[in-house]
Each structure stands twice: as C-alpha cells, then as structure tokens.
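Worksheet for the structure shown next.
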Amino acid sequence: MISTKELRKISDTVWEIPIGYKQGMRVPARIFATEKLLKEMDDGVLEQVTNVATLPGIIDCAYCMPDGHWGYGFPIGGVAAMDTETGVISPGGIGFDVNCGMRLVLTHLTHDEVKPHIRNLVDRLFARVPAGVGSSGFVKISQDEFRVVVEEGAKWCLRNGYGWNEDLERTEESGCVGAAHASKISDKAVERGYRQIGTLGSGNHYLEIQVAKPANIYDPEIAEAWGITVPDQVVVMFHCGSRGFGHQVATDYLKVFLKVMEKKYGITVPDRELACAPFLSPEGQDYFAAMNCAINMSFANRQVILHRVREVFSEVFHKDPVDLGMHQVYDVAHNTAKLERHPVGGRVREVLVHRKGATRALGPGAEELPAIYRKTGQPVIVGGSMETGSYLLAGVEEGQKTFFSTAHGSGRTMSRRQAKKQFQGKKLLQEMEARGIYVRAVSHAGLAEEAGPAYKDIDDVVSATEAASISKRVARFIPIGNIKG
C-alpha cells in the first residue's frame, strides 16, 4: 500500500504521486485535499488513483477530489479524461449507479412558515416518493415505453406533464444526453428499471427539506441571482440515480469487457475492477450508448420526483407551486463519462471525462451553460450527511485544471457495516428529532448506515475545494426534514 508520506506536496491542497511510483503509470496521480482530509482517506484511495493512472489514453493526471474514498475500480471522487482515439471507457470509472445526482429546488417559504407543517410534509413525501431497495414508482409504463424514456430522459417527462419547461434549462445536459440507444441495453436491465421512475432507492439517497440561514450565505450576489433571496428560506434537495437499471447496465458490460479486454485488445490492468475497452471499439461504443440510457433514466427519475415534491407542497400550503416559488436551481450528475471539449496541450480537444462520485463544475462564460448561469458559473450541489448540512457551490475559471470537476458530497470515513455496529438507528432518529430534524426512514438499520460520523466533515470538504480553486461556496443549508431509503 502507498503511504501518504510518499506523496509530493504541490500546495496546501494538492498532493501528487509521481509517474514513476508504480509500474505502468502513464501520468501522475493528484489528490485535492487538505492534510487533515488526506489523513482521513483510506489506503485504498491512493492505491486506486494510481491504478487509474495506468489506463490507456489517460490525459494529464488521474485525479481524486477532497471527498475521495475507496470505491469499485476508481476511488469515489475519481476523475480521468481519456483521449477519444487512444483511450478507454471503464464502468469502474463511472459507477454502478449511473448518473447518481443532486437536484435543488427553491421555495418562497420561510422556516417559520414551514415548521408547523414539517411532519405533514415529510410524511406525505415519504408516501409519495417511494424509497428503499426494490421500490416502485407511480409512473406506470410498459417496457417498450421505458425504452423511449431512456432515450429521451427528462424531455419525456415534460411531454407527459411531469414538470415545467424551465426545468430542462436548469438541468445538466438539458436532462437528456445524446447517443443513447435502447437497442444496446439488455432485457434484464429494462425489467429492473421500468417500474422505478420516481423513486429514491436506498443507501445514501435522500430527499431533504432544508433552510438557508442568512449567516450561511457566502456569496450574496450569486445567491440572489440563483433565487436565494429570503432570510431563512426553505429549499428542497434530493439525491438519487438510475436505480437497478443503471446497476444492470454496468454489470452487463463489465462482463463483456472482461472477455475482450486482454484477449481481443491486449489491455492489461492492475485491478479487474478497471475492466475497460477502447472507447472507439464496438464494445466501447455499445457501452457508451447503454450508459447514456442510464444517464437519461436518472434525469427522468429526478424529474418525476420533483413533480411529486411540487404536488405535496401545493397540497399542504393550498397554493400553486408557481406561487410557492418552486423553481429548480439545478440538477447535477455524478457517475458519468461524457464527451467534452477542453484545452489539452495548447489546443482544444474532445476528450472523454470519467467522473466517479465527482461533479462537473463549469466556470463563468462556459458555452455549455444556459444563459442564466453563464455569468456566475455552474451551480454545484454538494450533499452532506443527514445530520449536518449541504452546500451550494459555483464553478470557477480555475477549475480547468481538473477538467472542471469538483467534489460531490462528504465522502464516507467508515463502511456501512461499521456504522451499523456503532450506531443505533432508532436512537439516532430520536436524537435528530430532538435537534429539530424530522426523519422518516424505510429501516432503522439503513438509518444507522448514514449516521453523520460515518462521513467526513462537509465543511472541511467544501473548504478544501474552495482553497484548491476548483469551486467556491455560495450557500450552506441545514436540514429540518429528511426521507431516507
């Protein structure tokens, strides 16, 4: 295992493992973290990020964000850009929950206005947005129609009455990536996914009602531009992905890549979890098309959840969602591989950027951003633990050094098994309610897995991203109501 002592300190927030450390490394590995966060990272992070640096076609460096922790193949928080002609695509660099992501929604309501209704709101949301392993949503479609959904993403939702036109503008990729071909997904993947649109799932997925206190507004100008204008303003944030569908897509193509990687393409990797294929190969292109379907399913999933959230708030407060100011701020994706244009070696090139538990964070002026965000930079939503709080950040121009990538959450410090041994879900529920956080969870065991101490300090993670100039703070939100899978 690699020791943190062997890292070369580039700055207070950048650490490098040089190219010569491990046989086969094609580029250095860089970790963005303070010394405190670096010490909290398990040895697996250092091992995995240097493994990523051996992949064919990798450009510049293998990166790990401040919330990095051990994952499948790549560390969670891992970023790698590949040359599209010589590089590979790897499910381990994307994840099983393809396009696990975050969505943030505003209201005009204040904490004082919501507080008397918090139990009713959370209870209704818990009933309206199914959570937990294997949960099914209220959208009843055939498997053939599901194949349309995964090609159209959130656009399908709007055609069917689940959202507002402005939602697409405020969603990464307008809620639909191209090159998504349902012919490349298996029947088993369809079977696992077609009933799950509009569901949270389990693990670290959640739906949370939060408050933006004036003391937690760090950039008032950007916060106002994005609609955070009311003292103690209530917002809604949720975190979920492509459910069993995305998991099956990854599983299917990992099997394919393990068969062809070495025998057909002569590629060897230091860890089978990095199974890959050349991006331009038939297998690589098939996976890219299927993975894009999973990205679109996830956009559709979160779009339907937003529709249900608006319904519940409208029922409880007896107002139209428009009158309640329930505009979406943004929807950001984690766990993707996307074709993007970045300056490399003095010229702008198309590269394939793998982000595994990392968020795109485009800076001001980026042409890919909608007009409403071009001046400020992209909104970035960073989820914390259910006990602490979450952040809204903005992309910055200096973020080019990580292909405009930043952290996506707190990052775990202990395994789910460890957390369940150390914490009691029922007791945790009672303690959170005593602190003013009303929680509904599918199980006490699942709640224990997500205890606050099982995660890094969100304030430390966000401070590190800002100090490293890969994104900057706009606002911090504290939870008052939470739904856990």
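The values are calculated or read from the model by the stated rules, or taken from the named source; none is laboratory data. Remember, predicted model here, so these are calculated numbers, not experimental data. Here the Cβ is made from the backbone with ideal geometry for all residues, glycine too, and neighbour counts use every protein chain on show.
Taking the criterion of being farther than 26 Å from PHE279 by Cα, within 15 Å of the chain's Cα centre (by Cα) and hydroxyl-bearing (Ser, Thr, Tyr), the only residue of the stretch 294-339 that qualifies is TYR330. When residues in the stretch 223-247 are screened for being in contact (Cβ under 8 Å) with a residue 24 or more places away in the chain and farther than 28 Å from LYS155 by Cβ, 6 of them pass. The selection criterion, being farther than 23 Å from GLY71 by Cα, touching a residue at least 24 places away in the same chain (Cβ under 8 Å) and either basic (Lys, Arg) or assigned by TED's automatic domain parsing to the domain that holds ILE480 (or both), does not hold for LEU352. If you go through the stretch 390-408 one residue at a time, do you hit one that is at pLDDT below 95, crowded, with 16+ Cβ neighbours inside 10 Å and either of a type outside the set (D, E, K, R) or farther than 22 Å from GLN210 by Cα (or both)? Within the stretch 390-408, none of the residues are at pLDDT below 95, crowded, with 16+ Cβ neighbours inside 10 Å and either of a type outside the set (D, E, K, R) or farther than 22 Å from GLN210 by Cα (or both). Can you confirm whether ASP67 is touching a residue at least 24 places away in the same chain (Cβ under 8 Å) and in contact with a His (Cβ under 7 Å, 6 or more places away or on another chain)? Criteria met by ASP67. Evaluation of ILE118 against the conditions (1) in contact (Cβ under 8 Å) with a residue 60 or more places away in the chain; (2) closer than 25 Å to PHE317 by Cβ; (3) out of contact with any strand residue (DSSP E or B) (no Cβ under 6 Å at 6 or more places or on another chain) shows that the sole unmet condition is (3). Reported count of residues in the stretch 78-137, each being closer than 23 Å to HIS239 by Cβ and β-branched (Val, Ile, Thr), is 10. Do we find that VAL122 is at pLDDT 95 or above, surrounded by fewer than 23 Cβ atoms within 10 Å (Cβ to Cβ) and β-branched (Val, Ile, Thr) in this structure? It is true that VAL122 is at pLDDT 95 or above, surrounded by fewer than 23 Cβ atoms within 10 Å (Cβ to Cβ) and β-branched (Val, Ile, Thr). Here VAL105, VAL129, VAL79, VAL139 are screened, and the one residue that is under 30 Å from ARG272 (Cβ atoms), crowded, with 21+ Cβ neighbours inside 10 Å, among the aliphatic types (A, V, I, L, M) and touching a helix residue (DSSP H, G or I) at 6+ places or on another chain (Cβ under 7 Å) is VAL79. Note on the stretch 25-57: among residues that are under 19 Å from TYR455 (Cβ atoms) and basic (Lys, Arg), the one that is surrounded by the fewest Cβ atoms within 10 Å (Cβ to Cβ) is LYS39.
Of all residues in the stretch 127-150, those satisfying the criterion of being at pLDDT 95 or above and either farther than 16 Å from VAL304 by Cβ or outside the structural domain of ALA289 (by TED's automatic domain parsing) (or both) are SER142, GLN143, ASP144, ARG147. Residues of the stretch 165-181 that are surrounded by fewer than 19 Cβ atoms within 10 Å (Cβ to Cβ) and closer than 13 Å to ALA294 by Cβ: ALA179, HIS181. Restricting attention to the stretch 449-466, does a residue exist that is hydroxyl-bearing (Ser, Thr, Tyr), within 30 Å of GLN378 (Cβ to Cβ) and not in a strand (DSSP E or B)? Yes, that holds for at least one residue. Looking only at residues of the stretch 258-278 that are of a type in the set (A, V, I, L, M, F, W, C) and outside any loop (DSSP other than H, G, I, E, B), we find that the one that is nearest to the chain's Cα centre (by Cα) is LEU274. Residues of the stretch 151-178 that are part of a loop (DSSP other than H, G, I, E, B) and of a type outside the set (Phe, Trp, Tyr): GLY153, ASN160, GLY161, GLY163, ARG170, CYS176, VAL177, GLY178.
Candidates are the residues of the stretch 84-135 that are of a type in the set (Asp, Glu) and not in a loop (DSSP other than H, G, I, E, B); the one that is nearest to the chain's Cα centre (by Cα) is ASP123.
When SER469 is tested against (1) outside any loop (DSSP other than H, G, I, E, B); (2) more than 17 Å from VAL211 (Cα to Cα), just one condition goes unmet, and that condition is (1).
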